[in-house]
Structures are given as C-alpha cells and as structure tokens.
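The structure under discussion appears below in the form of structure tokens.
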Amino acid sequence: MKSKTKVLILSSMAHQDAMIRGGEVLRINYDFAGSTEQASNLLQHHRYDLVVAVSDEPLIDITAVLQMITSHHSATKVLILTEHPDETELLELLQRGFTGFLQHDRKHHLVDGDTMSARGSNGCTGIPCHFDGMLGQSEPMQRVYEVIRNVARAEVNVMITGESGTGKELVARSIHKRSRRSSEAFVPINCSAFPENLFEAELFGYEKGAFTGAAQRKIGLLEYAHKGTFFLDEVCEMPVSLQAKLLRVLQDRQLRHLGGNELIPVDVRLISASNRQLESALLENRLRQDFYFRLNVVNIHLPPLRERKEDISLLAYHFLEKYLHATEKDILGFDDDVLDAFERYEWPGNVRELENVVERAITLATENVIIPADLPPNIHPTAKRRHHSGPNMTLIEAKQRAVDEIERKYLLSLLLKYHGNITNLARESGMSRRNVHRLLKRHRLDPEQWRKRY
C-alpha cells in the first residue's frame with residue numbers, strides 16, 4: 001500500500017479541522033506549527049513532502065521558513081494558503097521559491113477538496129499554468145515561463161521567435177510587466193505595417209516642415225517609449241536602411257528627429273519578435289548581422305501548438321468559457337470526437353487558429369456539447385450532424401457509441417450542477433471518487449474548468 005503523504009501546515013488552530021478532513025480522503029498525514037520556532041523544530045526532525053504556509057499567520061515568518069526548507073529539504077514543495085490571492089504578491093513569492101498557492105474561504109475551508117490533488121497531478125500549481133495571459137501546462141511552456149522569469153528583471157534585449165499565432169506579443173508584455181520598467185510605457189509596433197518613408201518618421205519623429213505634410217513637430221515612438229519597453233514585431237520586415245539607423249540609436253541612446261539637429265536622449269529596452277527563420281533572414285540580407293546581434297541577446301522560442309498537444313484541451317475549454325459569455329447558449333463541453341480531431345490536426349495557425357475554431361463552433365452549435373459537425377471541414381472532413389448512430393458500424397460499436405454519449409452527457413450535467421466538485425458528483429452518481437476520476441479522464445473532462453466558472 002502506498003504510504004501517506006506527509007505535510008506540514010504553518011497554521012493556527014482555525015484551519016486544522018478542514019485540513020484533517022481533507023487528509024482522511026487524500027491519505028495525508030498532517031503536522032501543524034503555530035510559530036516559526038515550532039516549524040523550525042519540526043523541520044529539523046522530520047522530512048515533509050509538502051509545506052503549506054497560511055499567508056495571514058502573524059506568528060510565522062514564512063520567508064524564514066522557506067530559507068530553512070531550501071537549505072535542508074530542497075525536494076519539499078511549499079504552497080501558500082490564502083483567502084484573497086493577490087497576483088503581484090504571489091508572483092514575488094513564486095520567484096523566491098514557493099511552488100504555488102491554494103485558496104480558502106472565510107470559514108477556513110479549502111475552496112475545493114480536490115484542489116491539492118488536481119493542481120499537483122498535472123504539474124500545474126496555481127499561476128504557472130495561467131501565466132500573464134498565456135495558458136499551458138506542457139513542459140515546453142513551463143520552460144518558456146521559466147526564461148521569462150529569469151530575463152524580466154534584467155535589462156538585456158530579447159528576441160522572441162515562433163510561428164504566427166503562438167503568442168509572441170503576450171511574451172513581450174509579460175517581460176515588460178515583470179521588469180523594472182513596468183510603470184513606464186510598453187510600445188508595440190508591427191514592422192510590416194508601414195512603408196519605409198512613413199516608418200522612419202513614426203520611429204524617430206520629425207520637426208515641422210521636415211517633409212511635405214509635416215505641419216507640426218511630432219515625437220516618434222522610440223521617444224514615446226523612453227524609460228519603457230519598445231516591442232518590434234516582425235522585425236525581419238524592417239527595411240535594412242532603418243536597421244542601421246536604429247542600431248545607432250540603441251548604441252548611442254540618443255536620436256534626432258527628421259529635419260532636426262537636436263540630439264534627444266532615449267532609453268528603451270528592446271524586445272523583438274519574428275516568425276521567420278533568423279538564419280535565413282541573415283543569409284538573404286534581410287537582417288543586418290550587427291543589428292541581429294544587438295537584438296538577440298536572449299532568445300525565447302515559442303513552440304507551435306502541434307508540439308504541445310497536452311495543452312489543446314486546456315486551451316479549448318478556456319476559449320469555450322471566454323466566448324460563452326457573449327451568447328445565451330448553455331454548452332457544457334466538447335464531444336470526444338472533437339477533442340480527437342483537435343489532437344490530430346496540425347494547427348498551422350496555432351493558438352490563434354484554435355481560438356477562432358472554438359468561437360465558430362459555439363456560433364454553429366445546436367446541442368449542449370460541441371460536436372464534429374460544428375468544426376470546419378479541414379479539421380474534421382467527414383463530420384456530419386448526427387442524431388443517431390450511423391450505419392457504417394457494427395451493432396456492438398453502435399451500442400458502445402450510444403453508451404459513451406450518454407455517459408459523457410451525464411458527467412457534463414453533474415459537473416455543471418456541482419461546479420466541478422468531485423465529492424458531490426460521486427455522491428449523486430453512486431460511484432466512488434476513484435471511478436469518477438477514471439471516467440472523467442476517459443472522457444477527457446477537467447473538473448477545474450467548471451470550478452473556474454463560479
């Protein structure tokens with residue numbers, strides 16, 4: 001038999017009853033410490049799988065406890081238990097070494113009895129799964145999050161690469177948000193959106209009379225971004241002549257307006273992005289080598305969606321929830337065939353394409369689940385609206401499909417009714433929690449998606 005997980009709770013008596021009830025279900029042994037001294041004594045004599053620190057305990061210095069754990073028990077995970085999660089504070093705690101967070105209500109009950117197991121089992125504890133507008137629990141995305149954390153507070157220039165639709169601007173905004181420049185402007189510009197003559201004027205600004213139509217002095221985008229972050233999207237589309245001028249500005253930290261003589265100081269952090277192969281752009285002389293080296297101090301590569309298929313279901317349910325707010329439809333989830341089709345498809349448009357497909361499916365849906373007929377033909381070419389089992393299958397296959405559909409719709413209705421609470425779902429269905437989890441996994445239903453809606 002598997003041994004019980006050993007957990008240390010840094011908490012007063014108020015939280016203990018809820019913790020003990022949860023431990024009986026999840027096979028967890030708890031120790032409690034009401035002060036820093038008690039925590040230090042227990043950590044000296046015991047090894048714990050997990051430490052949960054309650055954020056509002058006045059007698060416990062959680063930073064000091066974290067230092068003890070990182071020094072002597074590096075494998076131990078540390079979570080914060082809080083009533084009102086503050087994203088900025090939690091991000092700081094995560095950067096200092098905490099693993100994630102749990103939430104409790106005013107009566108000191110865990111918001112959901114499955115929070116600990118659900119967030120621990122998929123490697124997605126708290127914020128790392130939902131990261132500054134990005135969503136993903138796959139290993140490639142966890143690596144991206146880690147690089148963002150590491151480079152955000154530095155002043156180095158960053159180059160973000162990846163196919164269209166992977167979220168390069170989200171990464172740039174995340175770096176800015178976590179940087180020392182976060183209180184200043186974030187100025188994005190798409191290098192493919194301007195003709196060369198207009199691009200230079202927009203970038204550097206101009207004086208009155210600098211050219212026909214320059215009726216008054218105007219500062220450029222670089223000057224507007226002073227002390228902040230300047231984001232060059234599709235940087236390989238920037239004219240080579242402008243690359244040389246921008247390189248001089250980055251080196252000298254000053255610029256001249258078109259038609260002007262005054263040197264204007266400018267201090268920006270440059271983040272660039274491209275969906276092209278940078279090596280090819282260099283060989284084709286579309287990107288100056290000296291400019292490339294100035295931009296590409298740190299490279300962050302975003303994986304295409306086809307290389308992070310474990311995130312597809314998570315993203316699909318996220319977009320379902322997002323676009324259901326704009327409709328009166330009550331759609332519970334996705335048919336298994338739809339999720340199969342999502343995983344088989346290559347997604348050349350990446351996350352942006354998946355979002356559009358889900359929005360389209362919601363618009364066309366006539367049932368309480370998204371079915372293959374709601375998808376574009378290129379994703380599910382043989383899809384037809386079905387109300388009965390088709391003739392191209394055996395009786396056994398037809399029966400199994402009918403059972404699967406009924407089973408899935410039943411689970412979806414209970415998830416909606418109980419807001420994803422597994423204990424209540426198991427009680428009404430007459431199944432054990434183990435069997436409920438098995439069926440949810442089989443039908444690829446994540447109860448966390450129903451908890452987030454309420």
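Here is a yes/no grid of residues against (1) touching a residue at least 24 places away in the same chain (Cβ under 8 Å); (2) in a helix (DSSP H, G or I); (3) not assigned by TED's automatic domain parsing to the domain that holds Ala172:
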| residue | (1), (2), (3) |
| --- | --- |
| Ala210 | yes, no, no |
| Ala214 | yes, no, no |
| Val249 | yes, yes, no |
| Gly260 | yes, no, no |
| Asp267 | yes, no, no |
| Asn285 | yes, no, no |
| Tyr292 | no, yes, no |
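Among the candidates His443, His419, His388, the residue that is modelled with pLDDT under 80 and of a type outside the set (Lys, Arg) is uniquely His388. Of everything in the range 307-331, what is among the aliphatic types (A, V, I, L, M), surrounded by fewer than 19 Cβ atoms within 10 Å (Cβ to Cβ) and not in a helix (DSSP H, G or I)? Give them in sequence order. Correct list: Ala326 only. Just one of (1) touching a Leu at 6+ places or on another chain (Cβ under 7 Å); (2) under 29 Å from Arg153 (Cα atoms); (3) assigned to a helix (DSSP H, G or I) fails for Ala281. It is (2).
Going by what's in this entry, would Val351 be described as of a type in the set (Val, Ile, Thr), touching a residue at least 60 places away in the same chain (Cβ under 8 Å), farther than 26 Å from Glu405 by Cα and touching an Asp or Glu at 6+ places or on another chain (Cβ under 9 Å)?
The answer is yes for Val351.
The numbered conditions (1) crowded, with 19+ Cβ neighbours inside 10 Å; (2) under 23 Å from the mean Cα position of the chain (by Cα) are all true for Glu343 except (1).
The values are calculated or read from the model by the stated rules, or taken from the named source; none is laboratory data. Worth saying up front: this structure is predicted, and the values here are computed from it rather than measured. Quick reminder, even Gly has a Cβ in these numbers, built from the backbone with ideal geometry, and neighbours come from all protein chains shown.
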